[in-house]
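Below is one structure, written out as structure tokens; comments come after it.
The values are calculated or read from the model by the stated rules, or taken from the named source; none is laboratory data. Model, not experiment: these values are computed from the prediction. Don't worry about glycine lacking a Cβ; one is built from the backbone with ideal geometry, like all the others, and counts go over all protein chains shown.
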């Protein structure tokens, strides 16, 4: 069913993010570039589930969102601000939800702190 698919996708996403952040797996010099390139898609998938009616899905999406926020705020590479803002605006427009708006505002605050010149 659809809820099972969303939960499975979030579990895979969680593991993917966790594995990508393992120092032992960061073998290439352009690791951060590749990781940063998929951030907007990861964010979109997370925000899509953050207000889910299934408590476990919403909880896991919130955990993913917080984890992504923390990881991005600790990145030492250039953050794709334009792509992330585009994703945030898209999520706000498509989802009439306080949970999504709150998550998007958290991202905007972090982006302003990390990359004020690009905001």
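Summary table
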read-out: Test set (1) at pLDDT 85 or above; (2) exposed (fewer than 12 other Cβ atoms within 10 Å of the Cβ) - residue 19 fails condition number; value: (1)
read-out: Close pairs (7 angstrom Cβ cut-off, 6 or more residues apart or separate chains): farther than 15 Å from residue 68 by Cβ in segment 86-112, exposed (fewer than 14 other Cβ atoms within 10 Å of the Cβ) anywhere; value: 112/119
read-out: Output for segment 73-88, where each listed residue is in contact with a helix residue (DSSP H, G or I) (Cβ under 8 Å, 6 or more places away or on another chain) and part of a helix (DSSP H, G or I); value: 73, 81, 83, 84, 85, 86, 87, 88
read-out: Residues (within 9 Å of the chain's Cα centre (by Cα) and exposed (fewer than 15 other Cβ atoms within 10 Å of the Cβ)) located in segment 64-74; value: 66
read-out: Residue within segment 41-63 that is surrounded by fewer than 17 Cβ atoms within 10 Å (Cβ to Cβ), over 12 Å from the mean Cα position of the chain (by Cα) and within 19 Å of residue 16 (Cβ to Cβ) present; value: yes
read-out: In segment 22-44, the residues that are assigned to a loop (DSSP other than H, G, I, E, B) and either under 19 Å from residue 64 (Cα atoms) or modelled with pLDDT of 75 or more (or both); value: 22, 38
